[in-house]
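Just below is one structure, and these are the notes that go with it.
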Amino acid sequence: MLVIGLMSGTSFDGIDAAAAELRLAGDTLLLKPLGMVSEPYDAGLRELLAGALPPAAVPLADVCRLDTLIGQAFAAAAARVNSEVCGGRAELIASHGQTVYHWVDGDRVRGTLQLGQPAWIAEATGLPVVADFRPRDVAAGGQGAPLVSLVDLLWLRSRPGTPVALNIGGIANLTAPDGTAFDTGPGCALTDAAARESSGGRLAYDADGALAARGRVHRPLLERLLADPYYARPAPKTTGKELFHPGYLRATADPGTLSGLSAEDILATLTELTARTIADAVRSVSATEVIASGGGTRNPVLMRCLSAMVPGIPVRVSDDLGLPSAAKEAYAFAVLGFLTLHGLAGTDPVSTGARHPSILGSVTPGRDGLRLPARVEQGPARLELE
């Protein structure tokens with residue numbers, strides 16, 4: 001089956017659309033990456049979205065506008081990848097949507113909201129769309145994240161030792177072969193916010209870690225940030241910009257400390273925070289190998305810092321193993337959509353803390369209605385790349 005996966009993460013800079021050919025061969029799910037496109041959000045939509053994220057109070061009119069505009073943006077990305085990569089032959093679209101709120105209450109997740117109305121995608125492409133993946137796991141008592149953990153588990157099983165899959169987006173998350181999976185803390189969320197603030201909005205992020213490379217880590221500030229109770233909580237756990245939002249640094253740090261630091265020193269400290277919290281998580285699961293993906297892998301300063309903190313543990317990117325790191329999560333949602341359409345669970349309860357595995361999402365029929373494939377009684381035990 002030719003499936004398109006659509007993803008926009010907590011950095012909310014745009015949409016990754018990846019096409020994959022997926023087929024079951026016994027207990028193995030074979031994935032052939034076909035290619036991807038990336039579509040940035042236009043400036044107006046990005047501004048509206050940024051203004052709606054926690055801790056902002058948002059009128060319902062803006063929620064409706066965002067649901068429509070994000071849905072239309074996802075529809076355009078899906079249509080483009082179907083035309084340019086699939087030659088118009090795609091059979092299914094799996095859309096993660098844009099997370100705008102993840103309702104965490106202590107160690108429980110009570111709700112989650114992803115916008116990007118799938119009807120726009122179905123209307124623009126004529127294809128069935130699986131969307132709204134996270135709420136079913138939350139309803140089953142799970143964290144609703146990291147939701148790609150099942151795909152990581154299937155993929156890791158073919159590798160020796162204790163490899164872990166790491167995604168560094170706005171929030172960083174990790175999956176270990178025993179099913180342990182959790183958000184480690186801020187990936188690029190705080191460094192992105194600091195780069196925007198220090199440049200008056202001119203910079204969306206610290207490109208190549210250039211600002212951090214010119215700064216010095218402020219140890220007292222780093223220790224204060226590391227004292228956040230989130231890091232001491234046991235897995236499974238999840239977080240987001242509800243906690244690590246643009247105002248988090250000022251709310252947490254001593255005001256006198258921040259006023260005496262340069263933007264470069266702040267970026268160096270926040271980059272060290274991301275590397276340190278990831279490294280702590282890697283060591284906590286006795287990892288023998290780290291396979292990283294996501295936008296944070298393009299920051300050489302962060303990656304060097306992480307590697308130095310886990311000596312003896314190779315840190316490589318998923319591209320080295322045949323899965324483009326920039327599109328890994330989009331490919332993962334293509335897999336989850338494929339599983340849903342075949343009546344197969346898309347979660348591992350060990351990873352999310354749910355009471356049981358769940359078939360994820362809701363399905364919006366395409367132009368020709370909904371023709372479900374024959375249900376598969378047993379889900380795949382592993383995933384291999386073709």
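The values are calculated or read from the model by the stated rules, or taken from the named source; none is laboratory data. Since we're looking at a predicted model, the values are computed, not measured. Don't worry about glycine lacking a Cβ; one is built from the backbone with ideal geometry, like all the others, and counts go over all protein chains shown. Calculation scope for accessible area: heavy atoms of the full protein, side chains included, ligands and nucleic acids excluded. Shrake-Rupley method; radii C 1.70, N 1.55, O 1.52, S 1.80 Å.
Look through segment 74-94, keep the residues that are crowded, with 24+ Cβ neighbours inside 10 Å and farther than 14 Å from residue 20 by Cα, and return whichever of them is nearest to the chain's Cα centre (by Cα).
74
Cβ contacts < 9 Å: first residue over 11 Å from residue 23 (Cβ atoms), restricted to segment 375-386; second residue open to solvent by 80 Å² or more (accessible area, probe 1.4 Å), any location; separation 6+ or different chain. Result?
381/157; 382/157; 383/157; 385/32
Only residues that are open to solvent by less than 20 Å² (accessible area, probe 1.4 Å) and either of a type outside the set (Gly, Ala, Ser) or without any contact (Cβ under 8 Å) to a residue 60 or more places away in the chain (or both): list them for segment 139-151, please.
Residues of segment 139-151 open to solvent by less than 20 Å² (accessible area, probe 1.4 Å): 140, 142-149, 151.
Within segment 139-151, 143, 146, 147, 148, 151 meet the criteria.
Look through segment 53-69, keep the residues that are touching a residue at least 40 places away in the same chain (Cβ under 8 Å) and more than 18 Å from residue 96 (Cα to Cα), and return whichever of them is surrounded by the most Cβ atoms within 10 Å (Cβ to Cβ). Reasoning before the result, please.
If we filter segment 53-69 for residues that are touching a residue at least 40 places away in the same chain (Cβ under 8 Å), which is where we start, we get 53-55, 63, 66-68.
From the residues that got through so far, the ones that are more than 18 Å from residue 96 (Cα to Cα) too are 54-55.
Values: 54: 18, 55: 12.
Here the answer is 54.
With 338, 333 as the choices, which residue is crowded, with 20+ Cβ neighbours inside 10 Å, of a type in the set (Phe, Trp, Tyr), within 14 Å of the chain's Cα centre (by Cα) and at pLDDT 95 or above?
Values: 338 fails: within 14 Å of the chain's Cα centre (by Cα).
From the options 338, 333, the qualifying one is 333.
Across segment 212-236, which residue is most open to solvent (accessible area, probe 1.4 Å) among those that are closer than 22 Å to residue 11 by Cβ and assigned to a helix (DSSP H, G or I)? Walk me through it before giving the result.
Here is the first cut: in segment 212-236, the residues closer than 22 Å to residue 11 by Cβ are 212-213, 215, 225, 228, 230-231.
Applying the additional criterion that residues be assigned to a helix (DSSP H, G or I) yields 212-213, 225, 230-231.
Values: 212: 7, 213: 67, 225: 1, 230: 10, 231: 48 Å².
That would be 213.
Based on what the data block shows, is residue 104 open to solvent by 40 Å² or more (accessible area, probe 1.4 Å), among the β-branched types (Val, Ile, Thr) and touching a residue at least 12 places away in the same chain (Cβ under 8 Å)? Please lay out each step first, then the result.
Working: open to solvent by 40 Å² or more (accessible area, probe 1.4 Å): yes; among the β-branched types (Val, Ile, Thr): yes; touching a residue at least 12 places away in the same chain (Cβ under 8 Å): yes.
For residue 104, the condition - open to solvent by 40 Å² or more (accessible area, probe 1.4 Å), among the β-branched types (Val, Ile, Thr) and touching a residue at least 12 places away in the same chain (Cβ under 8 Å) - is met.
How many residues does segment 341-386 hold that are of a type in the set (Asp, Glu) and within 22 Å of the chain's Cα centre (by Cα)?
First, pick out the residues of segment 341-386 that are of a type in the set (Asp, Glu): 348, 368, 377, 384, 386.
Now restrict to residues that are within 22 Å of the chain's Cα centre (by Cα): 348, 384.
Going through segment 341-386 one residue at a time, the tally reaches 2.
Condition first: more than 15 Å from residue 85 (Cα to Cα), over 17 Å from the mean Cα position of the chain (by Cα) and surrounded by fewer than 18 Cβ atoms within 10 Å (Cβ to Cβ). Now tell me which residues in segment 5-43 satisfy that.
23, 24, 25, 26, 27, 28, 30, 42, 43
Could you tell me whether residue 154 is crowded, with 18+ Cβ neighbours inside 10 Å, in contact with a helix residue (DSSP H, G or I) (Cβ under 6 Å, 6 or more places away or on another chain) and in contact (Cβ under 8 Å) with a residue 12 or more places away in the chain?
Details: crowded, with 18+ Cβ neighbours inside 10 Å: yes; in contact with a helix residue (DSSP H, G or I) (Cβ under 6 Å, 6 or more places away or on another chain): no; in contact (Cβ under 8 Å) with a residue 12 or more places away in the chain: yes.
Considered against the rule, which asks whether it is crowded, with 18+ Cβ neighbours inside 10 Å, in contact with a helix residue (DSSP H, G or I) (Cβ under 6 Å, 6 or more places away or on another chain) and in contact (Cβ under 8 Å) with a residue 12 or more places away in the chain, residue 154 comes out as no.
Restricting attention to segment 335-351, does a residue exist that is in contact (Cβ under 8 Å) with a residue 60 or more places away in the chain, in a helix (DSSP H, G or I) and polar (S, T, N, Q)?
yes
Cβ-Cβ distance below 8 Å, separation of 6 or more or different chains: which pairs start in segment 237-253 with a residue that is over 20 Å from residue 199 (Cα atoms) and open to solvent by 10 Å² or more (accessible area, probe 1.4 Å) and end on one that is of a type in the set (Gly, Ala, Ser) and at pLDDT 90 or above?
That search, which allows pairs on different chains as well, returns 239/185; 241/170; 241/189.
Just checking, does segment 192-205 include any residue being under 19 Å from the mean Cα position of the chain (by Cα), buried (at least 17 other Cβ atoms within 10 Å of the Cβ) and among the hydrophobic types (A, V, I, L, M, F, W, C)? Walk me through it before giving the result.
Narrowing segment 192-205 to residues under 19 Å from the mean Cα position of the chain (by Cα): 192-193, 204-205.
Adding the requirement that they be buried (at least 17 other Cβ atoms within 10 Å of the Cβ) leaves 192-193, 205.
Subset that is among the hydrophobic types (A, V, I, L, M, F, W, C): 193.
So far as segment 192-205 goes, yes, one or more of its residues are under 19 Å from the mean Cα position of the chain (by Cα), buried (at least 17 other Cβ atoms within 10 Å of the Cβ) and among the hydrophobic types (A, V, I, L, M, F, W, C).
Please go through segment 210-241 and pick out each residue that is small (Gly, Ala, Ser) and closer than 21 Å to residue 280 by Cα. Before you say what the answer is, go through the steps one by one.
Within segment 210-241, the first condition is being small (Gly, Ala, Ser), and the residues that meet it are 210, 212-213, 215, 227, 232, 235, 240.
Answer for segment 210-241, where residues must be small (Gly, Ala, Ser) and closer than 21 Å to residue 280 by Cα: 212, 227, 232, 235, 240.
I want to confirm something. Restricting to segment 277-297 and keeping residues that are charged (D, E, K, R) and in contact with a strand residue (DSSP E or B) (Cβ under 9 Å, 6 or more places away or on another chain), which single residue is most open to solvent (accessible area, probe 1.4 Å)? Steps first, please.
Going through segment 277-297, the residues charged (D, E, K, R) turn out to be 280, 283, 289.
Restricting the remaining residues to those that are in contact with a strand residue (DSSP E or B) (Cβ under 9 Å, 6 or more places away or on another chain) gives 280, 289.
On the way: 280: 61, 289: 12 Å².
Among those that are charged (D, E, K, R) and in contact with a strand residue (DSSP E or B) (Cβ under 9 Å, 6 or more places away or on another chain), it is 280.
When you go through (1) touching a residue at least 60 places away in the same chain (Cβ under 8 Å); (2) touching a helix residue (DSSP H, G or I) at 6+ places or on another chain (Cβ under 6 Å); (3) open to solvent by 10 Å² or more (accessible area, probe 1.4 Å) one by one for residue 117, which number turns out not to apply?
(1)
Going by what's in this entry, would residue 350 be described as within 24 Å of residue 298 (Cα to Cα) and either of a type in the set (Ser, Thr, Tyr) or open to solvent by 10 Å² or more (accessible area, probe 1.4 Å) (or both)? If you could, list the steps in order and put the result at the bottom.
Values: within 24 Å of residue 298 (Cα to Cα): no; either of a type in the set (Ser, Thr, Tyr) or open to solvent by 10 Å² or more (accessible area, probe 1.4 Å) (or both): yes.
So residue 350 does not fit the description; no.
Note down all Cβ pairs under 7 Å where the first residue falls in segment 353-373 and is touching a residue at least 60 places away in the same chain (Cβ under 8 Å), the second is aromatic (Phe, Trp, Tyr) and part of a loop (DSSP other than H, G, I, E, B), and they're at least six residues apart or on different chains.
Here the result reads 360/133; 361/133, each pair linking segment 353-373 to a residue that is aromatic (Phe, Trp, Tyr) and part of a loop (DSSP other than H, G, I, E, B).
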